[in-house]
1. Filter segment 86-104 for residues that are closer than 17 Å to residue 42 by Cβ, open to solvent by 10 Å² or more (accessible area, probe 1.4 Å) and touching a Phe, Trp or Tyr at 6+ places or on another chain (Cβ under 7 Å) and give the result.
2. Can you report the number of residues in segment 32-56 which are of a type in the set (S, T, N, Q) and open to solvent by 60 Å² or more (accessible area, probe 1.4 Å)?
3. Residue 67 fails exactly one of the following numbered conditions: (1) at pLDDT 95 or above; (2) touching an Asp or Glu at 6+ places or on another chain (Cβ under 7 Å). What is the number of that condition?
4. From 83, 61, grab the single residue that is loosely packed, with under 14 Cβ neighbours inside 10 Å and either out of contact with any helix residue (DSSP H, G or I) (no Cβ under 7 Å at 6 or more places or on another chain) or outside any strand (DSSP E or B) (or both).
5. For segment 9-31, how many residues are in contact with a helix residue (DSSP H, G or I) (Cβ under 8 Å, 6 or more places away or on another chain) and either aliphatic (A, V, I, L, M) or open to solvent by 30 Å² or more (accessible area, probe 1.4 Å) (or both)?
6. Is there any pair linking a residue in segment 97-124 that is at positive phi to one that is modelled with pLDDT of 95 or more and not small (Gly, Ala, Ser), with Cβ under 7 Å and at least six apart or on different chains, and which?
7. Give the residue, chosen from 73, 107, that is open to solvent by less than 60 Å² (accessible area, probe 1.4 Å) and not β-branched (Val, Ile, Thr).
Amino acid sequence: VQLQASGGGSVQAGGSLRLSCAASGRTFSTYVMGWFRQAPGKEREFVAAISWNGSTYYADSVKGRFTISRDNAKNTVYLQMNSLKPEDTAVYYCAADLNYSGSYPSAQYEYDYWGQGTLVTVSS
């Protein structure tokens, strides 16, 4: 499985960006897909995930501002980011979990494949 993230860029606080992650694989619709981010000098952290049946999960820091969605026909997962804050500045990674364990999908070790990351910079 290969993952290609795109859509990062620079934006002012309060602005919006939409990240995309295109995946290979004929069984994309069965994957749990997640977004994680790593800010400078910090550990990588969970942002959002979406299950095979469309259930969504969010970190508290992005609830109400970010929306994860998927288009199984296009093998693509999206992260719509609104009301961006400087603290959202990070490299954003998409990831695929091919063998969902049923637990809350925020643990990095659950994910089998990772994209290369796309940089989001939010200025104040």
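1. Selection gives 93 alone.
2. Residues that pass the stated criteria total 3.
3. Exception for residue 67: condition (2).
4. Criteria check complete, one pass: 83.
5. Residues in segment 9-31 being in contact with a helix residue (DSSP H, G or I) (Cβ under 8 Å, 6 or more places away or on another chain) and either aliphatic (A, V, I, L, M) or open to solvent by 30 Å² or more (accessible area, probe 1.4 Å) (or both): 3 in total.
6. The qualifying pairs are 117/91; 117/92; 117/93.
7. Answer to the selection: 107.
The values are calculated or read from the model by the stated rules, or taken from the named source; none is laboratory data. What you see is a predicted model, and the numbers here were worked out from it, not measured in a lab. Note that each Cβ is placed from the backbone with ideal geometry, even for glycine, and that neighbours are counted across all protein chains shown. Areas reflect the complete protein model, heavy atoms only, side chains present, ligands, DNA and RNA absent. Shrake-Rupley method; radii C 1.70, N 1.55, O 1.52, S 1.80 Å.
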